[in-house]
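Q: First the structure, then my questions, so here it is.
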Amino acid sequence: MLVVEKRERGMVDFGHNGAVATLRDIIIDSRHPASLARFWAAILDDYEIAPYDEAELERLRGEGIDSPEDDPTVALVPGSGGPRIWFQLVPESKVVKNRVHLDIDGDHEPILALGATVSAEHDHWLTLLDPEGNEFCVFPLNTD
C-alpha cells in the first residue's frame, strides 16, 4: 500500500523519497527517424542505435517495412545507465520552438560538422538545431 502524507506547502510524500516516477525514455518526433538517430548517436557519448536482430527485421517486414532505414521508431540505447532515446515518425515538420530540449556537454564544432546549425549564441553555451530543426543546447567541456 502506498502511504501518502503531506509535507511542506504543496509537497507530498509518496512513501519513497518523494519520487513518484522514473524516467523511462525520451521520445523525439521526426520526419526521418533513422537519419536523425544516426546524428544523435554520433554526438552522444555511450549511445548507439539499437541493433536489429532477425526477429525485429521480421516484425518490420510483417508491417511492410523492408529496411531499418524506413523504421518508424528507431531507438538509441545507452551503454550504461540513462534513458533510451526514441525517434518516432510523425507526418508533420517541426513548426514552432520546442517546449522541451536536451542540454549536452561537448565541443560544438564536430556537432556542426555532422549537420547541426547555430540558432543562438549565449555567454556560456550555444543553442543549436539538429538536422530536423529541434533545438538543443551545447555547453563547452570544462577545459581546466
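None of the figures in this text is laboratory data; all of them are computed from the coordinates on show. Fair warning: this is a prediction, and the values are worked out from it, not measured in the lab. Every residue, glycine among them, receives a Cβ derived from its backbone with ideal geometry; neighbour counts consider all protein chains shown.
Q: Scan segment 34-65 for GluC sites (Glu not before Pro) in coil per DSSP, keeping those whose Cβ has at most 14 other Cβ atoms within 10 Å, and list them by number.
A: Values: sites: Glu48, Glu54, Glu56, Glu58, Glu63; in loops: Glu63.
Taking segment 34-65 and a limit of 14 other Cβ atoms within 10 Å, the loop GluC sites (Glu not before Pro) found are Glu63.
Q: Let me check the size of the chain from its C-alpha atoms; what are the radius of gyration and Dmax in Å?
A: Here Rg and the maximum Cα pair distance are 18.9, 56 Å.
Q: Here's something else I'd like to know. Can you find, among Leu141, Trp125, Asn98, the residue sitting farthest towards the positive end of the charge dipole of segment 94-144, where Lys and Arg contribute +1 and Asp and Glu -1 at Cβ?
A: Asn98
Q: Further, regarding this structure: For the chain, what is the percent of antiparallel DSSP beta bridges, rounded to the nearest 5?
A: Values: 17 of 27 bridges.
Given both bridge residues lie in the chain, the antiparallel proportion sits at roughly 65 percent.
Q: Express the Stokes-Einstein translational diffusion coefficient of segment 94-144 in µm² s⁻¹, to the nearest whole number, given a Kirkwood radius over alpha-carbon pairs, 20 °C and a viscosity of 1.002 mPa s. Don't skip to the end; give the middle numbers.
A: Working: Rh = 11.3 Å.
So the translational diffusion coefficient is about 190 µm²/s.
Q: Can you tell me the length gained on complete extension of the stretch Ala21 to Leu114, counting 0.36 nm per residue apart and subtracting the Cα distance?
A: 30.0 nm
Q: Follow-up. Rounded, prolate or oblate, given the Cα gyration tensor of segment 23-93, with a/c below 1.5 counting as rounded?
A: Since a/c reaches 1.5 but b/c is at least a/b, the shape of segment 23-93 is classed as oblate.
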